Structures are given as structure tokens and as C-alpha cells.
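Take a look at the structure below.
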């Protein structure tokens, strides 16, 4: 899939980390290329927000993969691929996470 086709995913990552979309590319590694605010008093940081994103859009099969460590998101490309995969089963929720529509009721 072309990079431009993944603009909503890149835009979401950029928005969460306060960066410009042009600064985000698929090879960026969350552990090495991004800094998150420390977590104080139960306030969620940027990594928590993205973790919520990719857990919110999963179906049961993908959720089991995440819980069992079979699916791990390390890079922006991984995040994009995960969202594309989940879009096939849960398009409304993926669109909602990216600010493109209303949420479905699970």
C-alpha cells in the first residue's frame, strides 16, 4: 500500500506526538524515535493513547494475538499495517480512532 494511502494513520501518530505529518515515516520505531511524556497521577501518555487505538479497533482474533505477544507494534509501519488489517473487519471503529467518523457500538 502506498504511503499516501496511510495518511490517516500517519496523521494520528503525528497528532498524538505533536509533530507534523511530514515528519512521520513508516520506518520510525516507537521505542527509539519518539519520546512520551512521563505518566503522572494516572494521566495517559502518547504511547498509552496509541496502545488504546490499536486495541480499540481489534476483533477477538487480533486481540488474542496482541495478548499472546504474537502481534507487536514496533514501528509506524506496524501501526499502519495493523490499522489497515483491522479496517477490513471494523471500518467504523478505525475511522473513529482517526477522527473520520462516529464510533460503532461493540
query: Do the conditions hold for residue 27, that is, is it modelled with pLDDT under 90, part of a loop (DSSP other than H, G, I, E, B) and over 11 Å from the mean Cα position of the chain (by Cα)?
result: no
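Name the single residue that is nearest to the chain's Cα centre (by Cα) among those in segment 2-24 being part of a helix (DSSP H, G or I), modelled with pLDDT under 80 and surrounded by 10 or more Cβ atoms within 10 Å (Cβ to Cβ).
Of segment 2-24, the ones part of a helix (DSSP H, G or I) are 4-17, 21-23.
Subset that is modelled with pLDDT under 80: 4-6.
Now drop any that are not surrounded by 10 or more Cβ atoms within 10 Å (Cβ to Cβ), which leaves 5-6.
Working: 5: 15, 6: 11 Å.
Here the answer is 6.
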message: For residue 71, only one of the following conditions fails: (1) modelled with pLDDT under 90; (2) buried (at least 17 other Cβ atoms within 10 Å of the Cβ); (3) in a loop (DSSP other than H, G, I, E, B). What is its number?
response: (1)
query: Does at least one position in segment 94-103 carry a residue that is without any contact (Cβ under 8 Å) to a residue 40 or more places away in the chain and farther than 16 Å from residue 11 by Cα?
result: yes
- prompt: Which members of segment 74-95 meet the condition of being at pLDDT below 90 and either loosely packed, with under 14 Cβ neighbours inside 10 Å or at positive phi (or both)?
  reply: 88
message: Pairs needed: first member in segment 35-56, on the phi < 0 side of the Ramachandran plot and surrounded by 12 or more Cβ atoms within 10 Å (Cβ to Cβ); second member anywhere, assigned to a helix (DSSP H, G or I) and modelled with pLDDT under 85; C-beta distance under 7 Å; at least 6 residues apart or different chains.
response: none
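The values are calculated or read from the model by the stated rules, or taken from the named source; none is laboratory data. From a predicted model like this one, the values you see are computed outputs, not experimental measurements. Every residue, glycine as well, gets a Cβ built from its backbone with ideal geometry; the counts of neighbours run over all protein chains shown.
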